[in-house]
Amino acid sequence: MIKLSKLATAVALVAAANAAMAGEVEVLHWWTSGGEAKSVGELKRIMQGKGHTWKDFAVAGGGGDNAMTVLKSRVVAGNPPAAAQIKGPGIQEWASEGVLANLDATAKAEKWDSLLPKVVADVMKYKGNFVAAPVNVHRVNWMWANAAVLKKAGVAGTPKTWDEFFAAAEKIKKAGLIPVAHGGQNWQDFTTFESVVLGVGGARFYGDALVKLDQKALTSATMTKSLETFRKVKTYTDAAAPGRDWNLATAMVIQEKAAFQFMGDWAKGEFTAAGKVPGKDYICAAAPGTANAFTFNVDSFAMFKLKDATAQKAQADLAAAIMGTEFQEVFNLNKGSIPVRLNMDMAKFDDCAKLSSKDFVETAKSGGLLPSIAHGMAVMPAAEGAIKDAVSQFWNNDKMSVADGVKSIAKAAATK
Ligand code: BGC
C-alpha cells in the first residue's frame, strides 16, 4: 500500500510538472485539403501528447498567398502566432524584421546541423542562427497520371518528352476525356510553367532563367519555345479550370475524369487519402523532359519571438517535434513528401517517395537539384509575385502573343 501511494504521488508530481510547462502553440498554415489536413493533424496529435494546447490557425488557399497576407497583418498588429509556415528566402525577409525567435538551443540539443542537408540548413538560418524548422522535401516537377484513363485512351506508358506528351493528350481528347486537370489559379499556372521551362530548357537553363533571373536567358529562343509549349498545354485543359482549387483538379485524376496533372507531390497526399495505390491506380512520373532534375520545395515553420515562458517552452517542443523521427515519418507518409531529416528509414514509404528520395540525392550531385520558383524557394517573394502574375496573365490571355509574353515575364523579373 505504502509503495502504491508513493507511486501515485510520484505520478502526480510528474503530471504537475508537465502541466506547469504546458503551453499553447498557435500554428499558422495553409494545409486544408484532405491529405494536408490529415498530415498537420499528426503534428497536433504529437504536441497534445506532450501536454500542450494546439491552436489551429489555418488559412485556406493553396500555395499560401492568403496565409502570408493574414500573417503580415497579425505581425504588424504585434500579435504573431508561435509558428508560421514560411519558406525559402521569405524566411530571411521575416528574420531581417527582427521578429523571429532564435532556435539554436533546440537545434544544438537535437543536432540539426548533422541531420540536415547543408542547402536546407542554410535556408533555415539567419546570420548563422536557426530561426525555422524544416518539415519535408516536396518535389514539384511531377506529372500524375490515372492508369485506367491512359489504358482507355490507348496510351502506353507515361510520356517522357513534350512531343510524346502532346501525342498522348490528343488520344485522350479523342477518347472523350480531359487530358490535363488544371486548377486555374496563378500559383498553379506558375507550377505548370516551371515544369515546362525545366522540360524544354533543361536544368542549367532553368537555373539561369528562373533562379538567377538572367535577362539573356529570359529573352532567349528557349524561353519562346517554353511559352509556346506552355500555351499548348493549356489547350488540353477543360473550360472549367479557371479558379479551381488544386485538390479538385487532383480529384479529377483520381475519379478517372482526367488523365494528367502537373503538381508537386502534395497531390500524392490526396491519392493516399483516397486510398489509391501508386503503380496500380495512378502513376507518378517526372514531367516530360525533367527526369534528371528535381525542383525542390521545403516546407518549414519559422518561429516568432514570444514573451511568455510556457509559450516559449511549447514553441521549443514544437521545433524539436518537427525534426523528430516520429513526425518526419508519419507526416510525410500522409503529405506525399519525403523526410528532410537525413538517414530516415524509408521502408514504409511508397515507390514515388523512394524515387523522389533517390533523385534528390542524385540530382544534388549532378547539378539537377533546383529550387522551385513557384513555391517560394528560388527568389525573394516580391520578384516571385511579379513573375507569377506575368506568367498567369499570359496563360489566361490567349490573345497575347508569345513574344509579348516573353517580354512581360522578363520585365517582371527585371523590376524586382
Ligand atoms: C506547399 C505545400 C502545400 C501546397 C498546396 C505548397 O506551396 O509547400 O505544403 O501542400 O502548397 O497548398
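Does anyone have the angle between helix 221-234 and the longest principal axis of the chain? Alpha-carbon axes, 0 to 90°, nearest 10? Approximately 80 degrees, to the nearest 10. Modelled this way, with points 7 Å down the Cα-to-C-beta line, the labels at Ser366 and Met380 are 3.4 nm from one another.
In a simple Cβ point-charge model (Lys, Arg +1; Asp, Glu -1; nothing else charged), the chain has a dipole of about 220 debye relative to its Cα centre. Expressed as a whole percent, the accessible surface of the chain that belongs to carbon and sulfur atoms is 56, based on a 1.4 Å probe. Among Leu333, Leu210, Leu342, the largest mean-square fluctuation in a Gaussian network model of the chain, built with springs joining Cα atoms closer than 10 Å, belongs to Leu342. Modelled label positions at Asp245 and Lys232, each set 7 Å beyond Cα in the direction of Cβ, lie 3.4 nm from each other.
The gain in end-to-end length when the Lys257 to Thr415 segment is fully stretched comes to 52.8 nm, 0.36 nm per residue minus the alpha carbon separation. Dimensions of segment 207-282 from C-alpha coordinates, computed as largest minus smallest value along each principal axis and given longest first, are 46, 26, 23 Å. When the chain is treated as a Gaussian network with alpha carbon springs shorter than 10 Å, the biggest mean-square fluctuation among Gly243, Gly376, Gly202 belongs to Gly243. Pairs of Lys residues in segment 177-291 that lie 8 or more places apart, or on two chains, and have C-alpha atoms under 22 angstrom apart add up to 10.
With each label modelled as a point 7 angstrom along the Cα→C-beta vector, the Lys44-Ala311 pair spans 2.1 nm. The Cα-based radius of gyration of the chain, divided by its Kirkwood radius, gives an Rg/Rh of 1.01. Using a 10 angstrom cutoff on alpha carbons, build the Gaussian network for the chain and name the most mobile of Ala37, Ala133, Ala240. Result: Ala240 has the largest fluctuation of those listed. Among the lysines of segment 355-416, pairs that are 8 or more positions apart or on different chains and have alpha carbons within less than 23 Å of each other number 7.
The values are calculated or read from the model by the stated rules, or taken from the named source; none is laboratory data. Only a predicted model underlies this, so the values are computations on that prediction, with no experimental measurement involved. With ideal geometry, Cβ positions are generated from the backbone for all residues, glycine too; neighbour counts draw on all protein chains shown. Protein only, heavy atoms only, side chains kept; ligands, DNA and RNA dropped before computing areas. Shrake-Rupley method; radii C 1.70, N 1.55, O 1.52, S 1.80 Å.
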